[in-house]
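For reference, the structure discussed in these notes is given below.
The values are calculated or read from the model by the stated rules, or taken from the named source; none is laboratory data. In this text the structure is predicted, and so the values were computed from the model without any measurement. Please note: Cβ atoms are built from the backbone with ideal geometry, for glycine as well, and neighbour counts cover all protein chains shown. Calculation scope for accessible area: heavy atoms of the full protein, side chains included, ligands and nucleic acids excluded. Shrake-Rupley method; radii C 1.70, N 1.55, O 1.52, S 1.80 Å.
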Amino acid sequence: MSTSKIFVRLFLILLLVSCASKKTKFEDYVFETKSDKQNYIAAYNEALKLWDIPYAEENVKTSFGTAHVIIAGPKNGKDLVLLHGMDASSTMWYPNIKALAKNHRIYAIDFLMEPGKSNLTAKPLSKEEIVIWYNEIFAHYKLKQFDIVAASRGGWIATLLATQKTNSIDKMVLLSPAQTFKFIDKVRKTSAALMLKLFPSEKKFEKTLETFSAHPEKISPVYKKQFYLANKYAKSNSSMLKMTPFSDDELRSVSNPVLVLIGDHDVINSNESLERAEKYTPNCKTITVTDAGHFLSIDQSKFTTDAIINFLE
């Protein structure tokens, strides 16, 4: 096993150990205390105002808990599902949502094993159960031939959904998908995120943003507060250990049109990720975004949004 793979596994195991050492004080998978969750939800609500468009929030009952979905855009627009990055929640789409919702019916889903408004009532989900959970949401809204835009960990989930023999996905855009085509590229630099998880502080949070974003100054202070609380309060989960790159055959099974974007300063992906995506994913296009890190939707929001829209339309 390569040094990078060993580091990644140790990274994830340490996260889990740190979380397991805390005592659960009320019935919630993600948050340790009721006050932690209330503080986070208040910050989430403030950050959601950054969308600055009409939207509706809905809760969908599933076999594993409640799915929180934010809906926006014209009812007759093509359905577009948004899957956020790790700990980022659906509010992360605030720099892009106006353009994306202009001609698309948006369904932004909070992942139920991360900070957000979805609520897990079962044990941590396996990969198979993650697929079932999302398909229950898609069935609830009768989504057929819909597009997906997904960031970081959301990109891994979108790819997982697309590898299923039966799926209703049309086009798919992956924004620096984590652990999808290869393991984390710059493992030493990403250790800032590990330190933040183990010993949360605002100083470590700012260092993490500087590592993952080429332009942290572009991040709204309102959103930064929510994102910091997600890292401060929320537990990580064992599903991270299952986030391994997809095999050659799994990638070959993805017949959908796919657009993969990474930043030229990304610490998660490199050109090797794009090369593997192009080699094994049959209908794949790739773009390297100049002057951008892992947070493409913020670092270069206009370029990224335009690239998404041009591909989907």
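Test A108 against the stated conditions and say whether it is among the aliphatic types (A, V, I, L, M), over 18 Å from the mean Cα position of the chain (by Cα) and closer than 30 Å to T244 by Cα.
Taking the combined requirement at face value, the residue does not satisfy it.
Which residue, of F227, F246, is open to solvent by less than 40 Å² (accessible area, probe 1.4 Å) and part of a loop (DSSP other than H, G, I, E, B)?
F246 is the lone residue from the list that is open to solvent by less than 40 Å² (accessible area, probe 1.4 Å) and part of a loop (DSSP other than H, G, I, E, B).
Output yes when any residue across the stretch 151-158 is in contact with a helix residue (DSSP H, G or I) (Cβ under 8 Å, 6 or more places away or on another chain), modelled with pLDDT of 95 or more, crowded, with 22+ Cβ neighbours inside 10 Å and not in a strand (DSSP E or B), and no when none is.
yes
Can you name every residue in the stretch 268-307 that is part of a loop (DSSP other than H, G, I, E, B) and either buried (at least 21 other Cβ atoms within 10 Å of the Cβ) or aromatic (F, W, Y) (or both)?
I268, N269, T281, A292, G293, H294, F295, Q300
Working only within the stretch 29-57, note down all residues that are touching a residue at least 60 places away in the same chain (Cβ under 8 Å), in a loop (DSSP other than H, G, I, E, B) and hydrophobic (A, V, I, L, M, F, W, C).
Passing the criteria: only V30.
In contact with a Lys or Arg (Cβ under 7 Å, 6 or more places away or on another chain), closer than 20 Å to K302 by Cα and not in a loop (DSSP other than H, G, I, E, B): which single residue out of L100, L80 fits that description?
None of the others qualify; the one that does is L80.
What are the residue pairs meeting all of these: first residue in the stretch 264-288, first residue hydroxyl-bearing (S, T, Y), second residue assigned to a loop (DSSP other than H, G, I, E, B) and open to solvent by less than 90 Å² (accessible area, probe 1.4 Å), Cβ atoms under 7 Å, and 6 or more apart or on different chains?
S270/D185; S273/F181; S273/K182; T281/V254; T288/D264
Could you go through the stretch 80-103 and let me know if any residue there is open to solvent by 40 Å² or more (accessible area, probe 1.4 Å), under 17 Å from L312 (Cα atoms) and in contact with a helix residue (DSSP H, G or I) (Cβ under 6 Å, 6 or more places away or on another chain).
yes
Taking A122 as the residue in question, decide whether it is more than 30 Å from N76 (Cβ to Cβ), of a type in the set (G, A, S) and open to solvent by 10 Å² or more (accessible area, probe 1.4 Å).
The answer is yes for A122.
Check I157, I130, I106 and return the single one that is of a type in the set (V, I, T) and either in contact with a Cys (Cβ under 9 Å, 6 or more places away or on another chain) or free of Cβ contacts under 8 Å to residues at least 60 places away in the same chain (or both).
I106
Checking the structure you have, find out if any residue of the stretch 58-71 is in a helix (DSSP H, G or I) and open to solvent by less than 10 Å² (accessible area, probe 1.4 Å).
The answer is no; no qualifying residue exists.
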